[in-house]
Amino acid sequence: MPAPQPAVLPAAPGTPLPAAPSSDSPGTEASRRLLGVGPEPRALTLWGSSSMSSEGGDESTPVPIRIHEHLALSAAPATVHSFGVGATRSAHTLLMRGLDTPRVTSIDEGIRAADGTVQVPVALDSALAPAGPLRIPGSVDGTAGVLDGSSGTWFLAVDGAELDPGGTLISGGVEGVFTSDLAEVADASRQVLWMGKNNILDVAGVLADTQRMWDAARTPETDTLVLGQWCTEADADGSETGDAVAAVNAEQARRYGEHFLDLQQLLTEYSRHWGPSVARLGAGARVGV
């Protein structure tokens with residue numbers, strides 16, 4: 001007689017399978033192609049202000065979110081140059097790119113800084129005021145230095161400048177045309193433009209400056225991606241800045257077509273795929289991060 005068989009326990013309910021990922025891919029074919037790795041990957045250069053520099057990317061998140069770091073991973077082995085600087089305006093981006101080359105004139109004697117450079121207070125004939133932690137490597141008629149506006153005033157930091165016998169001041173001044181070294185870095189690279197939010201009320205200026213950046217690329221129709229601005233709680237529908245954002249986005253969408261990425265639309269339409277944490281940001285109510 002066979003031995004009694006143990007009772008068979010009911011099968012444990014199976015673990016639900018994760019929902020299949022959405023077949024919709026964010027962005028456009030052009031944006032995905034721009035970030036795709038080719039046989040000879042070209043560098044990618046990022047231009048813009050605080051959003052592009054991921055300012056606040058370490059706030060209210062378990063892991064810091066840095067745009068340039070994510071792009072460096074997705075675009076590897078291509079090099080990613082991150083030239084976003086917080087608080088800057090679109091005119092500062094042109095200066096960094098080397099598209100604007102103002103004449104620089106010293107307005108006072110220089111002093112020896114703690115790092116050994118000589119810092120010469122200067123003025124730009126473009127009357128562009130400094131903004132944010134902006135430091136641009138370049139040269140003034142062959143004299144290498146860094147145009148520095150991080151203190152709220154412009155000065156040129158020069159290596160190896162001669163000091164007067166007192167050891168603290170240089171004799172003579174600095175005068176000539178400033179050209180950014182970043183122009184050489186950018187000339188052979190692809191680029192992502194996210195510029196103009198800090199001077200968005202100057203709709204015509206933002207559009208013109210972005211167009212100059214677009215035109216400066218080797219082959220703009222394949223090399224450049226323009227990112228649309230998003231509205232924060234300060235840019236409500238019907239507000240002056242909200243209307244300006246809408247005007248810039250609409251015109252850039254018309255001009256650049258598939259090479260314009262509407263981030264406001266992405267926040268609104270794709271937040272349902274990103275889970276409740278993003279939905280709580282109120283993207284559908286035109287609130288950015």
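The values are calculated or read from the model by the stated rules, or taken from the named source; none is laboratory data. Since we're looking at a predicted model, the values are computed, not measured. Cβ placement follows ideal geometry from the backbone for every residue including glycine, while neighbour counts extend to all protein chains displayed. What goes into the accessible areas is simple: the full protein's heavy atoms, side chains included, and nothing from ligands, DNA or RNA. Shrake-Rupley method; radii C 1.70, N 1.55, O 1.52, S 1.80 Å.
Going through Thr210, Thr224, Thr241 one at a time, which residue ends up being modelled with pLDDT of 95 or more, β-branched (Val, Ile, Thr) and more than 19 Å from the chain's Cα centre (by Cα)?
Thr241
Report the residue count in segment 45-64 for those that are surrounded by 14 or more Cβ atoms within 10 Å (Cβ to Cβ) and either out of contact with any His (no Cβ under 7 Å at 6 or more places or on another chain) or in a loop (DSSP other than H, G, I, E, B) (or both).
11
State which residue pairs qualify: first residue within 19 Å of Val206 (Cα to Cα) and inside segment 248-274, second residue in a helix (DSSP H, G or I) and at pLDDT below 95 in any location, beta carbons under 7 Å apart, and separation of 6 or more residues or different chains.
Asn249/Gln264; His259/Ala30; Leu261/Ser31
In the set Ala127, Ala144, which member is under 26 Å from the mean Cα position of the chain (by Cα) and more than 26 Å from Met52 (Cβ to Cβ)?
Ala144
Look through segment 214-239, keep the residues that are farther than 21 Å from Ser54 by Cα and not in a loop (DSSP other than H, G, I, E, B), and return whichever of them is least open to solvent (accessible area, probe 1.4 Å).
Asp223
Restricting attention to segment 183-213, report how many residues are of a type in the set (A, V, I, L, M, F, W, C), surrounded by fewer than 20 Cβ atoms within 10 Å (Cβ to Cβ) and touching a residue at least 24 places away in the same chain (Cβ under 8 Å).
The total comes to 6.
Tell me, yes or no, whether segment 166-179 has at least one residue that is at pLDDT 90 or above, open to solvent by less than 70 Å² (accessible area, probe 1.4 Å) and touching a helix residue (DSSP H, G or I) at 6+ places or on another chain (Cβ under 7 Å).
no
Residues of segment 225-252 being over 24 Å from Trp214 (Cα atoms) and touching a helix residue (DSSP H, G or I) at 6+ places or on another chain (Cβ under 7 Å), which ones?
Ala234, Asp235, Ala236
Quick one: which strands (runs of 3 or more DSSP E) sit completely within segment 89-143 and have at least 2 residues that are open to solvent by less than 20 Å² (accessible area, probe 1.4 Å) and free of Cβ contacts under 8 Å to residues at least 60 places away in the same chain?
In segment 89-143, the matching strands (runs of 3 or more DSSP E) lie at 118-124, 135-140.
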